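Taken together, the values in this text are just the output of simple stated rules run on the coordinates, not laboratory data. Just so you know, these numbers come straight off a predicted model, no measurement behind them. Positions of Cβ are generated from backbone atoms using ideal geometry, with glycine treated the same way; all protein chains shown enter the neighbour counts.
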Amino acid sequence: MVIRRNHYESAFEDYLRSQKIPYVAVDEKRRALAQEASIKSLDFIVYSSQGPNLLIDVKGRTEIFDAPTRSRRWESWATREDIRGLFQWQELFGEGFISSLVFAYQLPPDSISNNLEKVYEFKENLYAFYLVPVNAYQDKMKPRSDSWQTVYLHQQDFQQLRQPVETLIQGSEPAELTGENREECGFPDADSTSG
């Protein structure tokens, strides 16, 4: 187990271990070099006996309530570098690997989500984990901040795209790689690339 300071990643790793899901924890202090460019580090390589193996970047986020109605809003933002890096890892690993974001939410004790979501307890805190394949995320993502180079999903899109992390155990296959918006993140159209 890699020693982590990020409690979201620690909680997710504990979840993988508790479910006996084979995985490799990537040392976040190291960044790989490929084609003379630094690629943002992954958090986990998760192996599946039935579906594709998953290259995972964990994003710790918050669940926000809009008072006074208490309607829930799930934060689903990422950086453009996150998305680019996940596509690069997917290309490097090749067939049989799919890059995905795992949004990890630490839920407050009084959250109504504790009764509605699949929660996992870690060090006396409750977490909910949701997986979104990077290609599906990119197809629906919207600009959030130009200065911070961040993107996000509308709530309706996030609700439709997110998959309970149990899909890791079941070996369900995430959506196929399409990437209609690859150019937004600086990726050329597949038809314009060579060998």
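In nm, what is the difference between 0.36 nm times the number of residues separating ASN125 and ARG73 and their Cα-Cα distance?
Numbers: separation 52, 0.36 × 52 = 18.72 nm, distance 1.98 nm.
This chain segment gains 16.7 nm when fully extended.
Listed highest first by mean packing, meaning other Cβ atoms within 10 Å per residue, what order do 139-148, 75-84 come in?
On the way: 139-148: 13.1, 75-84: 19.8.
Answer by packing, highest mean first, reads 75-84, 139-148.
Quick one: if the Förster radius is 25 Å, what FRET efficiency do GLU91 and ASP27 give, using the C-beta to C-beta distance and rounding to 0.05? Don't skip to the answer; put the middle values down first.
Values: r = 21 Å, r/R0 = 0.85.
The value I calculate is 0.75.
Output needed for region 92-165: three equivalent-ellipsoid semi-axes, defined as square roots of 5 times the C-alpha gyration tensor eigenvalues, in descending order, whole Å. All intermediate terms of the calculation are to be shown ahead of the outcome.
Details: eigenvalues 126, 60, 30 Å².
Ellipsoid half-lengths, sorted descending, are 25, 17, 12 Å.
Taking the Cβ-Cβ separation of ASP110 and ASN6 as r and a Förster radius of 30 Å, what is the calculated FRET efficiency to the nearest 0.05?
Values: r = 24 Å, r/R0 = 0.80.
The computed FRET efficiency comes out at 0.80.
Run the simple label-point estimate for SER41 and LYS118 please: 7 Å along Cα→C-beta, distance reported in nm.
Placing both labels 7 Å along Cα→Cβ, they lie 2.9 nm apart.
Per-residue counts of other Cβ atoms within 10 Å, averaged by peptide: what ranking do you get for 38-48, 95-105, 118-128, highest first? Before the final figure, lay out the partial values.
Numbers: 38-48: 18.0, 95-105: 21.0, 118-128: 15.6.
Taking the mean over residues of other Cβ atoms within 10 Å, the ranking is 95-105, 38-48, 118-128.
Using 0.36 nm per residue, how much length does the chain from TRP148 to GLN160 gain when fully extended, once their Cα-Cα distance is taken away? Walk me through the numbers before you get to the answer.
Details: separation 12, 0.36 × 12 = 4.32 nm, distance 2.59 nm.
Value of the extension gain: 1.7 nm.
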